[in-house]
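Since every read-out is calculated from the coordinates, none of them should be taken as a lab result. Predicted, not measured: the structure shown is a model, and the values here were computed from it. So basically every Cβ, Gly included, is an ideal-geometry build from the backbone, and we count neighbours across all protein chains shown.
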Amino acid sequence: MSVISGLDEVTDANFEAEVLRADLPVLVQFTADWCGPCRQLAPVLKDIAFAEGDRLKVVQLDVDRNPGTTLAYQVLSTPTLLVFQDGEPVRSMVGARPKRKLLEELADLL
């Protein structure tokens, strides 16, 4: 089940179980089918999910289909990337970026 990229998708219904209670840090991409930069970011996130899967869980949430979570974390634009650790958001990034830059921004969490 995927919005754009083949990443696992989370929803309002399973966000707590899949993200807030996860053992690993979780990178959530708040995305939408109509978001061009989200599609650009998708292969980057897929690469990171594959390479760092033992240290970081990477998922996506469709903002149009999951307004509750989107509003709860005050996501105003897509793509927004939020990293959750121990049930709390610990990093927020807005906009697409190259893999190297994103890995630099995540380095202290991995």
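Taking θ = phi - 60°, what integer Hz values does the Karplus form 6.51 cos²θ - 1.76 cosθ + 1.60 yield along the stretch 23-36, in sequence order, with x for Gly and Pro?
Computed from phi, the couplings for the stretch 23-36 are 6, 9, x, 10, 9, 10, 9, 7, 9, 8, 4, 8, 8, x Hz.
Which whole-Hz couplings ³J(HN,Hα) result when phi for each residue of the stretch 91-102 is put into the Karplus expression 6.51 cos²θ - 1.76 cosθ + 1.60, θ = phi - 60°, listed in order with x for Gly and Pro?
Whole-Hz 3J(HN,Hα) from phi for the stretch 91-102: 8, 10, 9, 10, x, 6, 8, x, 4, 4, 5, 5.
Once the Cα gyration tensor of the chain is found, what semi-axes does its equivalent ellipsoid get, as square roots of 5 times the eigenvalues, in whole Å, sorted largest first?
Values: eigenvalues 64, 55, 32 Å².
Semi-axis lengths for the chain are 18, 17, 13 Å.
Check which residues have an amide H placed less than 5 Å from Arg91's amide H, if you skip close sequence neighbours.
Val83
In a Gaussian network model over the chain where Cα atoms closer than 10 Å are linked, find which of Gln40, Gln74, Gln85 has the largest mean-square fluctuation.
Ranking Gln40, Gln74, Gln85 by mean-square fluctuation puts Gln74 first.
Using 0.36 nm times the number of residues separating Ser77 and Thr11, minus their current alpha carbon distance, what extension gain do you get?
Numbers: separation 66, 0.36 × 66 = 23.76 nm, distance 1.75 nm.
Once the chain is fully extended between Ser77 and Thr11, it gains 22.0 nm.
Roughly how big is the chain's charge dipole about its Cα centre, with Cβ charges of +1 (Lys, Arg) and -1 (Asp, Glu), in debye to the nearest 20? Show your work: numbers first, answer last.
Working: 11 positive and 17 negative charges, 90 e Å.
It comes to approximately 440 debye.
Identify the trypsin sites (Lys or Arg not before Pro) of the stretch 1-96 meeting these criteria: DSSP loop state and at most 12 other C-beta atoms within 10 Å of the C-beta. Show your work: numbers first, answer last.
Numbers: sites: Arg21, Arg39, Lys46, Arg55, Lys57, Arg65, Arg91; in loops: Arg21, Arg55, Arg65.
Sites meeting the loop and neighbour criteria: Arg21, Arg55.
Would you kindly derive the ³J(HN,Hα) couplings of the stretch 62-69 from the backbone phi angles with the Karplus curve 6.51 cos²θ - 1.76 cosθ + 1.60 (θ = phi - 60°), listing them in order in whole Hz, with x for Gly and Pro?
Result, rounded to whole Hz: 7, 5, 6, 8, 9, x, x, 5.
Report the relative contact order of the chain, percent, no decimals, based on alpha-carbon pairs under 8 angstrom and at least 6 residues apart. Numbers along the way, then the final one.
On the way: 181 pairs, mean separation 38.4, N = 110.
Reported as a whole number, the value is 35 percent.
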